[in-house]
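Down below is the structure, laid out as structure tokens.
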Amino acid sequence: MSPGWTLTRNSALFVLSGAGALIVETLWLRDFRLLLGATAPAVSATLVAFFAGQAAGAAWGGRLAARSRRPLAVYGGLELGAAVAAAAVPLVLWLLRGLVDGASDALRDTPAALIALRFGAALVAAAPAGVFFGATLPPLVSSCVGSGVSLGRAGATLLCANTLGAAAGAALASFVLPELLGVHMGYGLGVLALALAGGIGWRLAGPAEPVASSNAVEALPAAPPRQPKAKRGPADNTGLSSGALLALAGGSGVAVFACQPLLVQAFARVLNQSTYAFGLVLVTVLVALGAAAGCVAVLARRFDARALLGWAAVAATIGWAAFPMVFVGMTDDLAYWGSEEPWPGYLWSALGLAFSAAGVPLFVSGLLFPAVLYASEKAASGPAAASAAASVAATTTGRLLAMNTAGAVLGAVLAPYILLPGLGLWLAFTAVAVLYGIAAVVIPAAPGESRLLRDVALGLGWMLILSRGNPIGLPALRLEADDHLLFGEETPAGLVAVVQRGGGRFIQTDNHYALGGSADRVHQERQGHIPLLLHPDPKRALFLGSATGSSAGAALAHPVETLTLVELTPAVVRAAGFFTDVNRGVYKAPVTRVVIDDARSFLRSTNQRFDVVVADLFVPWRAGTGSLYSEEHFRSAREHLAEGGLFCQWLPLYQLSEAELSIIAATFQAVFPDALVFRGDFFGSFPIVALVGWRGSPPNAATVEARVSALAQAGENDRWVTHPVAFWSLYIGRLGAGEWDAPRNTDDHPHLEFLAARGHAGGKRGKLDPIVGPAWVQIAKQLREVSLTRPTPFPGFTEAARRAGDGGHALQTAGALFSIGRRDPAAQATAVAASLLPPEVFAEAEADPTAAEVWQMR
């Protein structure tokens with residue numbers, strides 16, 4: 001078989017393998033996140049476990065292929081093993097669930113032990129597949145070299161094929177498969193691709209692969225005779241020692257994989273953090289690295305390996321040193337990059353931003369490892385020499401790939417946990433640039449190459465960058481002219497800041513998500529009061545997502561004996577220290593327990609039962625957040641309610657379309673068939689509502705009114721939750737009274753995550769307009785009118801309570817009409833509300849900040 005055909009065949013197999021591998025890797029992260037949580041340490045544990053398996057697999061694959069005269073058959077067997085191991089991952093995770101969940105509660109107060117537990121679970125589940133994935137490159141290289149292709153050309157070409165296939169797989173898994181086929185069927189497609197690659201490789205291998213004749217082996221410049229000690233590392237003909245080549249391979253892995261989480265952080269500050277946004281960053285990285293490997297395969301034979309390595313390192317150090325300046329310059333005028341681009345234009349614009357800002361440094365960084373493979377070549381002559389060269393190629397590739405992947409493990413930990421918190425995002429990129437700069441300095445010049453020219457280029461590049469855009473002076477957070485930064489912390493989960501604007505303060509993550517603030521206290525406290533008032537005696541309360549603590553702080557006015565706050569990011573808890581004046585010091589209250597964990601993971605794994613569980617206003621399009629609106633999560637919440645307990649899910653209607661609300665409502669109703677709907681305010685422009693479901697039946701109306709009166713006696717002054725009649729103005733009706741013709745949101749079919757991401761992609765949402773103004777009033781009217789034709793869920797519901805409900809609807813209508821400029825109809829609706837609501841409440845309501853639009857009119 002000709003060298004060209006062998007290389008083409010093997011490359012085609014590796015394209016299929018790369019696509020299958022990234023499909024399963026991208027989709028199994030969803031399963032890992034569900035078991036281990038979405039905290040940064042849990043995600044890192046999964047990646048490190050997988051990379052560790054890949055590093056071990058690369059070394060093993062090299063030794064395995066070196067001993068075989070049928071390397072393609074070895075590849076086929078390894079790929080089939082990868083398919084089996086990947087198929088087993090969901091089963092292993094299911095088997096581990098009991099162990100992880102059972103131990104999690106006991107280890108929550110010892111974070112290091114909890115991380116160790118999760119890393120162990122990730123290692124057991126992901127490492128076997130990682131071993132097989134990492135082992136597949138050496139036998140394919142050996143197969144190519146045995147037919148007469150040089151190690152460098154074979155390695156670079158196969159890396160190009162595999163990485164571009166991986167980019168295609170990542171795109172499919174991020175953008176298409178979960179919504180089109182479902183996560184499980186999409187995962188099965190990835191496993192099938194791996195099995196096909198392995199089966200075809202095994203079938204084409206034959207009994208024994210041919211060895212190239214002497215004139216079929218690509219000639220390389222003769223290398224000086226190697227001493228016996230050279231057997232400890234890969235041989236080369238460039239003047240670079242085996243240790244130097246291994247160091248370059250490892251350093252390349254460190255730098256490239258350190259850049260990936262840093263890039264995710266950078267783009268998260270300007271993109272919408274949806275599954276599409278994270279997917280396009282991954283695709284950008286893979287395409288750039290694949291293109292670089294292809295470039296090395298085509299052009300490297302024309303250059304000395306040392307020159308290629310040296311100049312690639314120079315370009316990489318300049319590229320990453322310049323990246324912060326380039327990125328900030330490209331996005332400086334855009335508070336929310338591309339926000340006016342409707343779907344799918346937003347995706348293409350964001351992809352263009354990713355390639356234009358990071359494509360060049362990623363590309364030149366991707367030149368190094370393929371160039372290292374070229375530098376490790378050794379001349380061969382004659383059939384016996386070619387056979388030996390194939391064996392050496394397998395071992396060499398395995399060692400270099402193992403070192404490169406071990407470097408990736410280090411980079412995946414170094415960037416988010418040391419560089420980012422220690423230096424900040426922009427200086428972290430500079431640290432990566434320095435690493436490439438060191439490589440540029442230590443790589444020797446090739447014969448005939450001007451080392452001075454390379455050094456001058458390196459020095460001038462750094463001087464130009466530092467003079468034009470010193471990373472120390474670049475802003476981590478965009479602030480308005482009158483803003484003051486009170487607190488800022490760059491964490492593996494993102495940038496967390498406390499900003500003072502005017503007379504208020506708020507927590508901000510990255511550049512566009514606010515997690516509540518001091519100016520919105522009444523609104524936020526009501527999110528705690530309403531569900532707690534709907535339980536006759538709430539002793540054990542759980543808040544999923546605590547942020548400033550204002551909503552959870554309201555629980556301190558109730559007879560709560562244990563209050564559990566679950567927050568994903570430790571920095572948010574620290575930021576909440578700036579809000580003790582509005583959160584009642586809830587984080588340090590004697591009844592409070594603060595848990596740093598993923599809400600979904602905590603609720604599933606805890607053995608506690610609660611009287612009231614309150615879920616925050618989760619942003620629906622953010623990657624992973626959709627699982628907090630899933631049927632599985634709602635069922636987990638129900639299972640952890642004490643008898644008579646209730647689960648309250650707050651919804652930001654101003655961030656939801658009618659289609660998205662329908663999905664959530666249909667899903668919630670499937671778990672809580674008798675769920676009720678309450679309003680949290682009377683806003684027209686940005687209303688919020690609560691879906692409330694019981695494990696059992698709601699209390700009678702008199703019990704609720706007694707709880708409301710008790711809250712008034714405790715000194716609370718929000719009249720809508722302290723007046724026993726006015727409280728019912730917040731009640732809308734039964735959730736089941738709506739027409740929710742929509743599929744349920746499940747882990748296997750995450751409809752909401754993708755629909756919301758598209759709907760929030762741009763300003764021109766079309767059919768995905770948010771539910772504000774008259775649109776929300778119309779839905780609320782239908783719920784209320786149909787509910788009034790059915791038996792009341794609250795025994796003893798009075799006519800005064802019904803009138804208060806009608807008054808609340810009229811007040812919401814007034815706000816909605818005012819928000820669209822219809823002042824006269826808004827005034828009429830306000831008059832109707834005044835005639836229905838208790839006079840003393842309506843008179844005092846003028847100071848209510850949650851009906852601000854109405855009072856602006858007055």
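The values are calculated or read from the model by the stated rules, or taken from the named source; none is laboratory data. Fair warning: this is a prediction, and the values are worked out from it, not measured in the lab. All Cβ positions, glycine included, derive from the backbone under ideal geometry; neighbour counts span all protein chains shown. Ligands, DNA and RNA are excluded from the accessible area calculation, which covers all protein heavy atoms including side chains. Shrake-Rupley method; radii C 1.70, N 1.55, O 1.52, S 1.80 Å.
Within 19 Å of Pro324 (Cα to Cα), among the β-branched types (Val, Ile, Thr) and in contact (Cβ under 8 Å) with a residue 24 or more places away in the chain: is that true of Val281 in this structure?
Taking the combined requirement at face value, the residue satisfies it.
For the stretch 63-80, does any single residue satisfy the condition of being small (Gly, Ala, Ser) and open to solvent by 50 Å² or more (accessible area, probe 1.4 Å)?
The answer is no, given that none of the residues of the stretch 63-80 is small (Gly, Ala, Ser) and open to solvent by 50 Å² or more (accessible area, probe 1.4 Å).
When both residues are 6+ apart or on different chains and their Cβ atoms are under 7 Å apart, which pairs have a first residue that lies in the stretch 399-424 and is of a type in the set (Phe, Trp, Tyr), and a second that is at pLDDT below 95?
Tyr417/Pro492
How many residues, within the stretch 777-833, are open to solvent by 10 Å² or more (accessible area, probe 1.4 Å), in contact with a strand residue (DSSP E or B) (Cβ under 8 Å, 6 or more places away or on another chain) and under 23 Å from Asp848 (Cβ atoms)?
So the count comes out to 2.
Collect the residues in the stretch 247-275 that are among the hydrophobic types (A, V, I, L, M, F, W, C) and under 19 Å from Ala371 (Cα atoms), keeping them in residue-number order. Steps first, please.
Applying the first criterion (among the hydrophobic types (A, V, I, L, M, F, W, C)) to the stretch 247-275 yields 247-249, 254-259, 262-264, 266-268, 270-271.
Listed by number, the residues that qualify are Ala247, Leu248, Ala249, Val254, Ala255, Val256, Phe257.
Among the residues that make up the stretch 98-111, is at least one of them surrounded by fewer than 18 Cβ atoms within 10 Å (Cβ to Cβ) and among the hydroxyl-bearing types (Ser, Thr, Tyr)?
Scanning the stretch 98-111, I find at least one residue that is surrounded by fewer than 18 Cβ atoms within 10 Å (Cβ to Cβ) and among the hydroxyl-bearing types (Ser, Thr, Tyr), so the answer is yes.
Specify which of the listed residues (Ala266, Ala258) is at pLDDT 90 or above and within 30 Å of Ala85 (Cα to Cα). Lay out the reasoning, then the answer.
Working: Ala266 fails: within 30 Å of Ala85 (Cα to Cα).
Result of the check over Ala266, Ala258: Ala258.
Could you check the stretch 145-177 and list, in sequence order, the residues that are within 29 Å of Tyr346 (Cβ to Cβ), modelled with pLDDT of 95 or more and not aliphatic (A, V, I, L, M)?
Thr163, Gly165, Gly169
Scan the stretch 473-496 for residues that are among the aliphatic types (A, V, I, L, M) and surrounded by fewer than 11 Cβ atoms within 10 Å (Cβ to Cβ) and jot them down.
At the first step, the residues of the stretch 473-496 found to be among the aliphatic types (A, V, I, L, M) are 474, 476-477, 479, 481, 485-486, 493, 495-496.
Across the stretch 473-496, the qualifying residue is only Ala481.
Tell me which strands (runs of 3 or more DSSP E) are completely within the stretch 593-704 and hold 1 or more residues being in contact with a Ser or Thr (Cβ under 9 Å, 6 or more places away or on another chain), among the charged types (D, E, K, R) and more than 17 Å from Leu34 (Cβ to Cβ), or say none if there are none. Talk me through it step by step, then tell me what you get.
Values: elements: 610-615, 641-652, 676-679, 688-694.
Answer list for the stretch 593-704: 676-679.
Give the stretch 278-306 a look and list any residue that's in a helix (DSSP H, G or I) and either open to solvent by 20 Å² or more (accessible area, probe 1.4 Å) or of a type in the set (Phe, Trp, Tyr) (or both), or say none.
Kept after step one, since they are in a helix (DSSP H, G or I), are these residues of the stretch 278-306: 278-302, 305-306.
Listed by number, the residues that qualify are Phe278, Leu282, Leu286, Val287, Leu289, Ala291, Cys295, Val298, Leu299, Arg301, Arg302, Arg306.
Of all residues in the stretch 431-463, count the ones that are surrounded by fewer than 22 Cβ atoms within 10 Å (Cβ to Cβ) and either hydroxyl-bearing (Ser, Thr, Tyr) or more than 35 Å from the chain's Cα centre (by Cα) (or both).
20
May I ask you to list pairs of residues, at least six apart or on different chains, whose Cβ atoms are under 9 Å apart, with the first in the stretch 827-842 being part of a helix (DSSP H, G or I) and the second being modelled with pLDDT of 90 or more and acidic (Asp, Glu)?
Partner pairs satisfying both residue conditions: Val832/Asp806; Ala833/Asp806; Leu836/Asp806.
Among helices (runs of 4 or more DSSP H) lying entirely in the stretch 329-416, which contain 1 or more residues that are more than 26 Å from the chain's Cα centre (by Cα), charged (D, E, K, R) and at pLDDT 95 or above? Step through it out loud before you land on a result.
Working: elements: 345-365, 368-375, 382-414.
Of the helices (runs of 4 or more DSSP H) lying wholly inside the stretch 329-416, those with at least 1 residues that are more than 26 Å from the chain's Cα centre (by Cα), charged (D, E, K, R) and at pLDDT 95 or above span 382-414.
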